[in-house]
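The values are calculated or read from the model by the stated rules, or taken from the named source; none is laboratory data. Since this is a predicted model, take the numbers as computed values, not measurements. Note: ideal-geometry Cβ built from the backbone for every residue, glycine included; neighbour counts use all protein chains shown.
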Amino acid sequence: MSGVVAAVLAAYGTHLLYTSLVLRWRGIGPGPARPRPQTRERPRPADWLAQAGLGHVGLTEFASVIVSVFVLGVVLALALFGALVPAVAGGVFAASFPIAAYRRRRTARRAVAQDSWPRLIEELRILTSSVGRSIPQALFQVGASGPEELRPAFAAAQREWLLTTDFERSLSVLRDQLADPTCDATCETLLIANELGGTDVDRRLADLAEDRRQDARYRKDARANQAGVRFARRFVLLVPLGMAAAGLSVGNGRSAYQTPLGQMAVMTALALVAACWLWAGRMLRLPEEQRVFTR
């Protein structure tokens with residue numbers, strides 16, 4: 001076993017030397033370090049849940065789901081391998097499923113918002129300039145006819161407006177419900193136009209709509225180019241699990257999992273699968289816009 005560990009460390013050291021000298025990569029990670037802005041505001045946990053449409057779910061409830069899935073994964077892995085260490089690793093692996101489902105829901109919801117905001121801003125521009133509607137009335141009318149995923153946030157903002165007639169508080173409700181950068185910029189533009197007036201709101205909304213339209217087009221093209229790679233990434237995840245299950249019916253497969261060497265092999269395999277999955281996800285991740293004008 002010590003020889004295997006030494007071989008793995010030597011291979012990884014060779015990888016680091018080659019990538020450092022030939023590819024000019026820095027750091028000890030398996031891939032190149034991504035440059036990060038010096039001043040980057042990290043999203044709050046509440047914003048992450050709101051972006052997935054789970055603003056009504058508390059962090060405690062979400063953590064409880066993860067713990068429950070972890071326990072279920074431990075039980076299933078214990079029945080499969082018959083050993084504690086692989087069972088704990090299987091529980092950790094299973095606990096990642098709610099997080100992965102949340103990320104998928106958040107990505108899909110943000111994609112819908114990115115595709116819809118150019119049209120919503122254009123409708124806002126038409127209603128406030130050509131039709132002559134007031135800014136609050138135009139905003140809530142546009143939200144009522146918007147995508148299904150965004151309507152609850154607009155409805156909550158409209159209720160706040162009907163109760164208080166405070167447009168700033170209504171926009172704050174909309175921002176908190178959506179936690180979207182385009183929503184922040186649009187709300188700030190509408191707030192300034194509503195408080196100060198002026199005739200340039202039409203031009204500002206037109207420029208914002210065009211900017212969001214180009215951004216949505218670029219992101220859609222990037223996701224289309226990555227579609228095949230993402231499918232392969234999900235498919236490859238099933239191969240090691242299928243091989244592990246098939247090993248139970250070959251010879252003394254289940255008892256082999258209970259030996260120290262078998263447990264070490266299972267742990268190593270699970271760690272490699274998780275590392276490759278996270279590495280591939282990092283390489284496929286598109287840059288995310290940061291929220292602006294947050295309060």
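Ala83 meets the conditions (1) surrounded by fewer than 16 Cβ atoms within 10 Å (Cβ to Cβ); (2) at pLDDT below 85; (3) more than 23 Å from Leu278 (Cβ to Cβ) in every case but one. The failed one is (1). Here Ala269 passes the criteria (1) more than 20 Å from Gln226 (Cα to Cα); (2) exposed (fewer than 15 other Cβ atoms within 10 Å of the Cβ); (3) at pLDDT 75 or above except the one numbered (2). Consider segment 127-154 and keep the residues that are surrounded by 15 or more Cβ atoms within 10 Å (Cβ to Cβ) and β-branched (Val, Ile, Thr). The one that is farthest from Cys183 (Cα to Cα) is Thr128.
Conditions tested, residue by residue: (1) free of Cβ contacts under 8 Å to residues at least 60 places away in the same chain; (2) buried (at least 17 other Cβ atoms within 10 Å of the Cβ).
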site: Ser68; (1), (2): yes, no
site: Val74; (1), (2): yes, yes
site: Leu78; (1), (2): yes, no
site: Gly91; (1), (2): yes, yes
site: Ala100; (1), (2): yes, no
site: Val112; (1), (2): yes, no
site: Asp115; (1), (2): no, no
site: Ile121; (1), (2): no, yes
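Residue-by-condition table, conditions (1) closer than 24 Å to Asp115 by Cα; (2) in contact (Cβ under 8 Å) with a residue 60 or more places away in the chain:
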{"site": "Leu139", "(1), (2)": "yes, no"}
{"site": "Ala153", "(1), (2)": "yes, no"}
{"site": "Leu162", "(1), (2)": "no, no"}
{"site": "Glu168", "(1), (2)": "no, no"}
{"site": "Gln177", "(1), (2)": "yes, yes"}
{"site": "Thr186", "(1), (2)": "yes, yes"}
{"site": "Leu191", "(1), (2)": "yes, no"}
{"site": "Arg203", "(1), (2)": "yes, no"}
{"site": "Leu208", "(1), (2)": "yes, yes"}
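Kindly establish whether Arg119 is within 18 Å of Asp215 (Cα to Cα), part of a helix (DSSP H, G or I) and within 28 Å of the chain's Cα centre (by Cα). Yes; evaluated as a whole, the condition is true for this residue.
Of all residues in segment 111-154, none satisfies the criterion of being on the phi > 0 side of the Ramachandran plot and touching a Ser or Thr at 6+ places or on another chain (Cβ under 8 Å).
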